[in-house]
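**Q** Mind having a look at this structure? Questions to follow.
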Amino acid sequence: MDHKTIEDFILSMPDSKREYPFGEKVAVYKIEDKMFALIEEDKSPLRVSLRCDPKLAKLLRERYTEVMPGQNLNKKDWNTIVLAGELPSDEMQSFIRHSYEIVKNS
């Protein structure tokens with residue numbers, strides 16, 4: 001998935017919005033003023049950080065080499081995914097939905 005495809009999917013979540021509170025290099029996606037996704041816009045390959053249930057976060061890190069503890073975020077509750085072309089797009093969409101739902105329901 002490329003940057004535009006991911007961003008379009010993130011912004012398709014109901015009531016999601018994009019802001020740049022940390023400067024123009026990090027897009028922050030929110031629901032009800034709470035972050036659920038971040039994209040580091042100056043990185044190649046693309047890096048996307050998403051909220052995640054802590055137990056699931058650990059399992060995903062063990063399963064996928066592209067998934068690592070959240071960079072500059074709470075490592076327990078956030079994963080950073082490096083999109084180097086190995087992760088299937090349906091999995092990435094699932095991770096985004098999961099992040100959105102966690103934040104929406106918190």
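**Q** Quick one: in region 9-19, of everything that is under 13 Å from the mean Cα position of the chain (by Cα) and loosely packed, with under 15 Cβ neighbours inside 10 Å, which residue is farthest from Ser99 (Cα to Cα)?
**A** Applying the filter and picking the extreme gives Arg18.
**Q** Still on this structure, I have one more. Return the residues of region 79-103 that are of a type in the set (Asp, Glu) and either part of a helix (DSSP H, G or I) or surrounded by 15 or more Cβ atoms within 10 Å (Cβ to Cβ) (or both); say none if nothing qualifies.
**A** At the first step, the residues of region 79-103 found to be of a type in the set (Asp, Glu) are 86, 90-91, 101.
Answer for region 79-103, where residues must be of a type in the set (Asp, Glu) and either part of a helix (DSSP H, G or I) or surrounded by 15 or more Cβ atoms within 10 Å (Cβ to Cβ) (or both): Asp90, Glu91, Glu101.
**Q** Within region 83-96, is there a residue that is of a type in the set (Ser, Thr, Tyr) and either modelled with pLDDT of 95 or more or under 10 Å from the mean Cα position of the chain (by Cα) (or both)?
**A** Scanning region 83-96, I find at least one residue that is of a type in the set (Ser, Thr, Tyr) and either modelled with pLDDT of 95 or more or under 10 Å from the mean Cα position of the chain (by Cα) (or both), so the answer is yes.
**Q** Okay, next question. Of the residues that sit in region 20-46 and are of a type outside the set (Val, Ile, Thr), at pLDDT 95 or above and surrounded by 15 or more Cβ atoms within 10 Å (Cβ to Cβ), which one is farthest from Lys104 (Cα to Cα)?
**A** This residue is Ala27.
**Q** For the condition modelled with pLDDT under 95 and either of a type in the set (A, V, I, L, M) or assigned to a loop (DSSP other than H, G, I, E, B) (or both), what is the one hit in Lys76, Lys58? Spell out the reasoning first.
**A** Values: Lys58 fails: either of a type in the set (A, V, I, L, M) or assigned to a loop (DSSP other than H, G, I, E, B) (or both).
Just one listed residue meets the conditions, Lys76.
**Q** Keeping to region 53-77, report how many residues are buried (at least 16 other Cβ atoms within 10 Å of the Cβ) and under 22 Å from Asp2 (Cβ atoms).
**A** 6
The values are calculated or read from the model by the stated rules, or taken from the named source; none is laboratory data. Predicted model only: the values in this text are computed from it and were never measured. Positions of Cβ are generated from backbone atoms using ideal geometry, with glycine treated the same way; all protein chains shown enter the neighbour counts.
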